[in-house]
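Structure first, then comments.
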Amino acid sequence: MNNSVTNTARLLGAGLRALLVLTLVTGVIYPLVVTGIAQGLFHDKANGSAITAGGRVVGSSLIGQSYDLPPKKGRQNPDADLKWFQGRPANGLGTNSVNTRYKLLLSGATNLAADNKQLIQQVEDAKAAVVKDNSVPGHTVRASEVPADAVTSSGSGLDPDISPAYAALQVHRVAAENGLPATQVEKLVEDHTAGRTLGFIGEPRVNVLELNIALEDLAAKR
């Protein structure tokens, strides 16, 4: 009987010591080591790839934002604020319908087939809007000039980048809205155009948030 109690106590003690050691190693030491390495070698990425402007965080380079005017009375969808470069459409985004206590934004794609009538109509409407919004006195945009990313949403609906072609298409409108020479705005686009990753992965791209921050700085200096 005494041996049984002694063995049980010894096993419980060993189990408790193992629990404490494993908790210390996996719950404290390992997270601290991983966090230290991440902060030391990948500080920007480890902190969400944050973008700062005016001394405060204004967004992430990995998540697209909308640049809209306040919604007009009686209208659900706001108009785009045309003084800013616009990102890709976000047709796949939705709102949380289960836990309505929180206004959560759900990321996703439309999942509509290429021949779906609804998708075709969305693309046609978006193309017409792009042509209309970016045609300014002295510069007319043709429908054939509108790139695919200007009228289609990405798989996540939160793509932070646009193609150099779509950025260039918006130059004259942005310049006119901000009272800037088109050549200066063109230079902004060139300076914020990133090439393919490692020279061969993906496509050239322009981060819309970073471009709009540079645009705001340029407009403030005019």
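Bear in mind these aren't lab numbers, they're just calculated from the coordinates by the rules spelled out. Everything quoted here is computed from the prediction, not taken from an experiment. Note that each Cβ is placed from the backbone with ideal geometry, even for glycine, and that neighbours are counted across all protein chains shown.
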Ranked highest first by the average count of other Cβ atoms within 10 Å around their residues, in what order do 200-210, 158-168, 28-38, 78-88 fall? 158-168, 78-88, 200-210, 28-38
With θ set to phi - 60°, apply the Karplus curve 6.51 cos²θ - 1.76 cosθ + 1.60 along the stretch 79-90 and write out the HN-Hα couplings as whole Hz, x wherever there is a Gly or Pro. 7, 5, 7, 6, 7, 10, 5, 9, x, 6, x, 10
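May I ask you to sort VAL136, VAL21 by Cβ crowding, counting other Cβ atoms within 10 Å and putting the fewest first?
Fewest-to-most ranking of VAL136, VAL21: VAL21, VAL136.
Peptides 137-149, 170-182: what's the order by average Cβ count within 10 Å, highest mean first?
Order by mean packing, descending: 170-182, 137-149.
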Once phi is turned into ³J(HN,Hα) by the Karplus curve 6.51 cos²θ - 1.76 cosθ + 1.60 with θ = phi - 60°, what whole-Hz value does each residue of the stretch 3-17 show in order, with x for glycine and proline? 4, 4, 5, 4, 5, 4, 4, 5, 5, 5, x, 5, x, 5, 5
Straight-line reach from LYS117: which aspartates and glutamates have Cα under 16 Å away, leaving out those fewer than 8 places along the same chain? ASP125
Could you tell me which label, among (i) 21.4; (ii) 19.0; (iii) 18.3, carries the value of Kirkwood radius over Cα pairs in Å calculated for this structure? (i)
Helix 30-41 against the longest principal axis of the chain: what's the angle in degrees, Cα atoms only, rounded to the nearest 10? 30 degrees
Which net charge results for the neighbourhood of ALA148, defined as the other residues with beta-carbon distances under 14 angstrom from its beta-carbon, given Lys and Arg at +1 and Asp and Glu at -1? -3
Pairing the Cα long axis of helix 208-221 with the longest principal axis of the chain, what angle in degrees results, from 0 to 90 and rounded to the nearest 10? 60 degrees
For the chain, find the longest principal axis of its Cα atoms and tell me its angle to the long axis of helix 164-178, 0 to 90°, nearest 10. 70 degrees
Do you know the relative contact order of the chain, to the nearest whole percent, from alpha carbon pairs under 8 angstrom that are 6+ apart? 18 percent
Starting at the first residue of the stretch 54-64, write each ³J(HN,Hα) from the Karplus equation 6.51 cos²θ - 1.76 cosθ + 1.60 with θ = phi - 60°, in whole Hz, x for Gly and Pro. x, x, 9, 6, 10, x, 10, 6, 9, 10, x
Reachable lysines, given that their alpha-carbon falls under 23 Å from the alpha-carbon of LYS83 and they are not under 8 places away in the same chain: LYS72, LYS73, LYS127, LYS132, LYS187, LYS221
Sorted by chain and number, the residues with a modelled amide H under 5 Å from that of VAL58, at a separation of 5 or more or across chains, are ILE51, THR52, ALA53
Under the rule of -39500 (n - 2.57) per DSSP H run of 4 or more residues, summed and divided by the residues of the chain, what mean residue ellipticity at 222 nm is obtained, to the nearest 500 deg cm²/dmol? -14000 deg cm²/dmol
Stretched fully, the stretch from PHE42 through GLN184 gains (0.36 nm per residue minus C-alpha distance, one decimal, in nm) 47.8 nm
